[in-house]
Amino acid sequence: MTASEGETQVTIARGSVYLTRELCDRHLPGISNVALLQRDHALLILPLQHTANGGLLLKQRNARGDRVLHAAEFLRAQGYADEAAPQTLPVYWDAAAAALVVAAPPAASSPSDS
């Protein structure tokens, strides 16, 4: 099965995670809130079924339906600098974790290793 490029990548820039409409339609349909976790050098984006569960708002950023997740504090804590160049990273759905998994680049994979 071949997925389009937009379905297999996210971009992290300026304290936000940018997701395409296709990625959200496929893996986060109808989801407006998510939780972020760091696990094993990866970023997990977990869908939350009810807005009462809290989490971070997955906002629509344009008429096309692409989404943005503002998570500056979380990303800073994981080693992503606000002023760093945008990073496009691979992402895949992990059914066992019930989450999108974003592979962390080496510079942000372990902030405690420095």
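Each reported figure results from applying straightforward, stated rules to the coordinates on display, with no laboratory input. Computed from a prediction, not measured in an experiment: that's the story for all the values here.
A few notes on this one:
- For the chain, the relative contact order works out to 32 percent when only alpha carbon pairs closer than 8 Å and six or more residues apart are counted.
- Between the alpha-carbon centres of segment 65-89 and segment 18-55 there is a gap of 14 Å.
- Here's how it looks for Arg61: its modeled amide H is under 5 Å from those of Asp66, Arg67, Val68, which are all 5 or more places away or on a different chain.
- Ratio of Rg to Rh over segment 5-107 (Cα coordinates, Kirkwood Rh, two decimals): 0.92
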